Every structure is written in C-alpha cells, then in structure tokens.
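Chemist: First the structure, then my questions, so here it is.
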Amino acid sequence: MAEDTRIIYFSAEWCGPCKSFKPIIEKLEKAGYPIYFQDIDNDPILAESYQIRSVPTIKILQNDKVQETLVGVQDPTKLLAIFDMYHPLQTDES
C-alpha cells in the first residue's frame, strides 16, 4: 500500500505562506515521506491537471488516484497524522 503513495506539494516562489510552510514539508520529506515538490509556475500544465487553484496545496495520491487534497498551510501535527494514514513510516521498534 505505502509504496504506491505519492505526496505532491504544489507551491510558488512568490507565495508567502508557501515559504513559511516549506521547511515543515522538507522535514517530513527527510523523515521518509514520498513528497514531490512542484512549483506551479514551472509546470502550469501539471498544476492545471490537478486543478490547483491556490497554493500551497498538497495532493496525496495512491495508485495515481487523488485520495486527499489539503489547501493552505496545515497544522504540522495534523499533517503528520494524515501522511501516516497513507504512508506509515517503518520504525525500529517493529
């Protein structure tokens, strides 16, 4: 299940909330979540295909189907819980 999960973080260079939220997303990526960073100005066709109307927006996909869309800056604790639902990280305690 988890290996089919992709998380796309849509943002833009000019977006103030994106800049403040990006370090949180980068930390989650370093923790092991399959996050892909996408600037909507660099690939407007992709942004349009995912119907991105505002940034930041996170799309969580499984088997290439959108399972969840999160628009705007998210609470880090809630975001972590949502990511864990779709892509639980392996721990050494398993």
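Chemist: Taking region 52-94, which residues are farther than 11 Å from Ser11 by Cα, open to solvent by 50 Å² or more (accessible area, probe 1.4 Å), of a type in the set (A, V, I, L, M) and touching a strand residue (DSSP E or B) at 6+ places or on another chain (Cβ under 6 Å)?
Modeler: Passing the criteria: only Val66.
Chemist: Could I ask something else about it? Collect the residues in region 1-21 that are in a helix (DSSP H, G or I) and either crowded, with 18+ Cβ neighbours inside 10 Å or touching a residue at least 12 places away in the same chain (Cβ under 8 Å) (or both), keeping them in residue-number order. Spell out the reasoning first.
Modeler: The first filter runs over region 1-21 and keeps only residues in a helix (DSSP H, G or I), leaving 2-4, 16-21.
Ala2, Asp4, Pro17, Cys18, Ser20, Phe21 - these are the residues of region 1-21 that are in a helix (DSSP H, G or I) and either crowded, with 18+ Cβ neighbours inside 10 Å or touching a residue at least 12 places away in the same chain (Cβ under 8 Å) (or both).
Chemist: So, one more: So how many residues does region 29-51 have that are open to solvent by 20 Å² or more (accessible area, probe 1.4 Å) and touching a residue at least 12 places away in the same chain (Cβ under 8 Å)? Even if it seems obvious, please write down each step before you answer.
Modeler: As a first pass, look at region 29-51 and keep what is open to solvent by 20 Å² or more (accessible area, probe 1.4 Å): 29-32, 34, 36-46, 48-51.
Among the residues that remain, those that are also touching a residue at least 12 places away in the same chain (Cβ under 8 Å) are: 31-32, 34, 36-41, 50.
Number of matching residues: 10.
The values are calculated or read from the model by the stated rules, or taken from the named source; none is laboratory data. For clarity, every value in this text was computed on a predicted model and none was experimentally measured. All Cβ positions, even for glycine, are placed from backbone atoms using ideal geometry, and neighbour counts span all protein chains on display. Surface accessibility is based on the protein's heavy atoms, side chains included, excluding ligands, DNA and RNA. Shrake-Rupley method; radii C 1.70, N 1.55, O 1.52, S 1.80 Å.
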